[in-house]
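The values are calculated or read from the model by the stated rules, or taken from the named source; none is laboratory data. Just so it is clear, the structure is predicted and the values come from calculations on it, not from any experiment. Reconstructed Cβ throughout: ideal geometry from the backbone, glycine too, with neighbour counts over all protein chains shown. Heavy atoms of the whole protein, side chains included, go into the accessibility calculation; ligands, DNA and RNA do not. Shrake-Rupley method; radii C 1.70, N 1.55, O 1.52, S 1.80 Å.
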Amino acid sequence: MSADQNWVRIEREFDAPIDLVWKMWTDPGLFKQWYGPNGMSVPAAEMDVRIGGTRKVCMAMQSPERSMEMWFTGVYKEVRAPDRLVYTESMCDADGTIISPQAMGMPDSFPDITEVIIDLNEIDGKTRMVMVHVGVVEGTAGAGGWNQAFDKMVALVHAMTGAAH
């Protein structure tokens, strides 16, 4: 790994079958329950999970001072149920029109299009997930947000299966 690594790689293990972890990524109802950092909700998630299909997701935060929405869109590049999912991600407005990350206050170095790669592997009834987000740098708020989201995914899987973390 070089000093100019421009991706974050996160690995998690779930005490759940691979099909359930796949659904966490591809079923909008389940996705809305875990996605986003702590304090954010997902009021909208549209997913046409097929190669060339699009996705559009809204993350929202309400506080006494203000409410904020962030929209993301992307295209599915690889869909191989139940073990591999690859999609692009860009910031957009509520209509799905891509907007520059800099217009949303992101640093100049943040790319217009990033890529999320999810690999799942089932071993003895447990599922190992490796997520790589190319364009999001390790140690940034984006990387921290993913870790918080995956903590929520672990809790949701646990609630659905009754399995230990």
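Listed values, structure above:
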item	result
Among residues of segment 80-103, those that are touching a residue at least 24 places away in the same chain (Cβ under 8 Å) and either open to solvent by less than 30 Å² (accessible area, probe 1.4 Å) or at positive phi (or both), counted	8
Looking only at segment 19-53, and only at residues there that are open to solvent by less than 60 Å² (accessible area, probe 1.4 Å), assigned to a loop (DSSP other than H, G, I, E, B) and among the hydrophobic types (A, V, I, L, M, F, W, C), the one that is modelled with the lowest pLDDT	Met40
Residue within segment 49-60 that is touching a Leu at 6+ places or on another chain (Cβ under 9 Å) and closer than 20 Å to Gln148 by Cβ present	no
Every residue from segment 100-127 that is within 20 Å of Tyr35 (Cβ to Cβ) and modelled with pLDDT of 90 or more	Ile113, Thr114, Glu115, Val116, Ile117, Ile118, Asp119, Leu120, Thr127
Residue in segment 94-117 that is closer than 23 Å to Asp19 by Cα and in contact with a Phe, Trp or Tyr (Cβ under 7 Å, 6 or more places away or on another chain) present	yes
Within segment 104-130, tally of residues that are in a loop (DSSP other than H, G, I, E, B), within 21 Å of Met47 (Cβ to Cβ) and open to solvent by less than 60 Å² (accessible area, probe 1.4 Å)	0
Hey, Thr161 open to solvent by 50 Å² or more (accessible area, probe 1.4 Å) and in contact with a helix residue (DSSP H, G or I) (Cβ under 9 Å, 6 or more places away or on another chain) or not	yes
